[in-house]
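K.L.:
Quick one: the structure is below, and I'll ask about it shortly.
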Amino acid sequence: MSALHLAINGGPPVRTEPYPEWPTADGRERELLLEVLDSRRWWATQGTKVREFEAAWAGFHGAESSIAVTNGSHTLEIALLALGVGEGDEVIVPNWTFLATVSAVLMVNAIPVLVDVDPGTGCIDPAAVRAAIGPRTRAVIPVHIAGSVADMDAITAIAREHGLVVVEDCAHAHGSTWRGTPVGMLGDAGSYSFQSSKLMTAGEGGAIVSRRDDVLSAARSFSDCGRKPGEWFYSHYLLGGNYRMTEWQGAVLLAQLERFPAQQLNRARNADILNRQLASIPGLHPQGRLDGCTSQGNYCYVVRVDEDEFGLDRDTLREALLAEGIPLTMAYPPLSRLDLFSAPDGLSPRIRSRAGMQDFAALALPVSERMADTTLWFTTSVLMGTEEDARDVVRAVEKIREHRVEVPSRG
């Protein structure tokens, strides 16, 4: 072998062929999109594709119906509104998640309360939820990070004990189940995203599922200008907005859902390979999965790096892996570090002065901070190919660890 072992130093990379592209599309999307085009019914109120997708998505979850809307941020807002969460209510949110989880709380004039996460799964810590409950607590939003399901037995038990509503953030968790039940159907409402990076996508889009008919009815009205099905078009009963999905998105998502089960099986097989093989490498710790998580929809593949054990820090290993042809995305920063919350002028004075609002920048939430600083997030593409494609991840990691002394210093 050449003295140049690592691709980051000019050596040959483990992979020269790209992993499967995302999004995936074929003639089925084209066929359904052309049906919409030729119908001239591009508006969901007149068309059929969004209604067909809503019915199919509901069936996938064992639900009576689902509500398809503009995006996964709006699904969270609408779910909170449908559950009566609003001004002065406190909503418990994990510190390690995307901005939308907490911004939805602020958008309905409620007060987010940040708590820490479980060190194994990265999902919200039930003990932290219990400790954060106060007289104004109204809701909790567990986030199923990277498809690994939060401890829904504990979360729902705490919610029942304290009279809280539970909105599941399932943006990463298409296909995830808890004791055989699809996520989103465990709490009071479930929020899904179909943004471009998600496991099903129409570029944007979202959907709400629930086991509660009253929540679905309210969510439908909030998403459609406050209307009620069967009533005069210009009757408006709630202060809702126009959050309707387009027929174009509905058509694409119908095709995406048709192929999803086969994709889910393939990703799960490859994730199992990585879980076994990467765990044997000193310093690498694949994301944990609780016993109740009977299926994991792998939005991405998450591994925590122990610098002392592995011999390199997370960011140096990340650069070396990218050079070897292994695609990675970025881990979320903790919400408490975002400029929106930590910069002096990040939040408007009106929001900062809300009674009970935490000083996010002053919070000590060490687990979420450590997860943000030490995890690698491999893109879902590494799970979409063959078993040999998945094993290339292992080969690249082993190669880098073997020659870690050759990795250039980032200092």
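K.L.:
Just to check your reading of the model, which residue among 47, 27, 72, 84 is within 30 Å of residue 357 (Cα to Cα), modelled with pLDDT of 95 or more and more than 21 Å from the chain's Cα centre (by Cα)? If you could, list the steps in order and put the result at the bottom.
P.N.:
On the way: 47 fails: within 30 Å of residue 357 (Cα to Cα); 27 fails: within 30 Å of residue 357 (Cα to Cα); 72 fails: more than 21 Å from the chain's Cα centre (by Cα).
From the options 47, 27, 72, 84, the qualifying one is 84.
K.L.:
Does the range 47-95 hold any residues that are part of a loop (DSSP other than H, G, I, E, B) and of a type in the set (S, T, N, Q), and which are they? Spell out the reasoning first.
P.N.:
Taking the range 47-95 first, the residues part of a loop (DSSP other than H, G, I, E, B) are 47-48, 62-65, 70-71, 83-89, 95.
48, 65, 70, 71, 95, listed by residue number.
K.L.:
Now for a separate question. Among the residues of the range 45-62, which ones are of a type in the set (A, V, I, L, M, F, W, C) and buried (at least 22 other Cβ atoms within 10 Å of the Cβ)?
P.N.:
50, 53, 57, listed by residue number.
K.L.:
Quick one: residue 43 ticks every box in (1) under 21 Å from residue 261 (Cα atoms); (2) part of a loop (DSSP other than H, G, I, E, B); (3) aromatic (Phe, Trp, Tyr) bar one, so which box is it?
P.N.:
Of the numbered conditions (1) under 21 Å from residue 261 (Cα atoms); (2) part of a loop (DSSP other than H, G, I, E, B); (3) aromatic (Phe, Trp, Tyr), the odd one out for residue 43 is (1).
K.L.:
Which members of the range 255-281 meet the condition of being among the aliphatic types (A, V, I, L, M) and touching a Leu at 6+ places or on another chain (Cβ under 6 Å)?
P.N.:
Passing the criteria: 255, 271, 278.
K.L.:
Here is a follow-up. Across the range 25-52, what is the number of residues that are touching a helix residue (DSSP H, G or I) at 6+ places or on another chain (Cβ under 7 Å) and within 28 Å of residue 298 (Cα to Cα)?
P.N.:
7
K.L.:
Under 6 Å between Cβ atoms, at least 6 apart or on separate chains: pull out the pairs that start in the range 241-266 with a residue that is farther than 17 Å from residue 22 by Cα and end on any residue that is among the aliphatic types (A, V, I, L, M) and surrounded by fewer than 20 Cβ atoms within 10 Å (Cβ to Cβ).
P.N.:
Correct list of pairs: 251/33.
K.L.:
Any idea how many residues of the range 279-307 are outside any strand (DSSP E or B) and either touching a Cys at 6+ places or on another chain (Cβ under 7 Å) or surrounded by fewer than 21 Cβ atoms within 10 Å (Cβ to Cβ) (or both)?
P.N.:
We begin by selecting, within the range 279-307, every residue outside any strand (DSSP E or B); these are 279-283, 287-292, 296-299, 306-307.
Still in the list and also either touching a Cys at 6+ places or on another chain (Cβ under 7 Å) or surrounded by fewer than 21 Cβ atoms within 10 Å (Cβ to Cβ) (or both): 279-283, 288-292, 306-307.
Number satisfying all stated conditions: 12.
K.L.:
Restricting to the range 110-127, name every residue that is in contact with a helix residue (DSSP H, G or I) (Cβ under 9 Å, 6 or more places away or on another chain) and either within 12 Å of residue 169 (Cβ to Cβ) or surrounded by fewer than 20 Cβ atoms within 10 Å (Cβ to Cβ) (or both).
P.N.:
Taking the range 110-127 first, the residues in contact with a helix residue (DSSP H, G or I) (Cβ under 9 Å, 6 or more places away or on another chain) are 110-119, 121-127.
Within the range 110-127, 119, 123, 124, 127 qualify.
K.L.:
Does residue 312 meet the test of being of a type outside the set (D, E, K, R), out of contact with any strand residue (DSSP E or B) (no Cβ under 6 Å at 6 or more places or on another chain) and closer than 16 Å to residue 98 by Cα?
P.N.:
Details: of a type outside the set (D, E, K, R): yes; out of contact with any strand residue (DSSP E or B) (no Cβ under 6 Å at 6 or more places or on another chain): yes; closer than 16 Å to residue 98 by Cα: no.
Here the answer is no, as residue 312 does not meet what is asked.
K.L.:
(1) at pLDDT 95 or above; (2) under 25 Å from residue 89 (Cα atoms); (3) hydrophobic (A, V, I, L, M, F, W, C): which one isn't true of residue 347, the others all being true?
P.N.:
Evaluating residue 347 over (1) at pLDDT 95 or above; (2) under 25 Å from residue 89 (Cα atoms); (3) hydrophobic (A, V, I, L, M, F, W, C) leaves (1) as the failure.
K.L.:
Can you tell me which residue among 77, 29 is in contact (Cβ under 8 Å) with a residue 40 or more places away in the chain and of a type in the set (Asp, Glu)? Quick ask: steps written out before the conclusion?
P.N.:
Working: 77 fails: in contact (Cβ under 8 Å) with a residue 40 or more places away in the chain.
29 is the lone residue from the list that is in contact (Cβ under 8 Å) with a residue 40 or more places away in the chain and of a type in the set (Asp, Glu).
The values are calculated or read from the model by the stated rules, or taken from the named source; none is laboratory data. Bear in mind the structure is a predicted one, so any value in this text is a computation, not a measurement. Please note: Cβ atoms are built from the backbone with ideal geometry, for glycine as well, and neighbour counts cover all protein chains shown.
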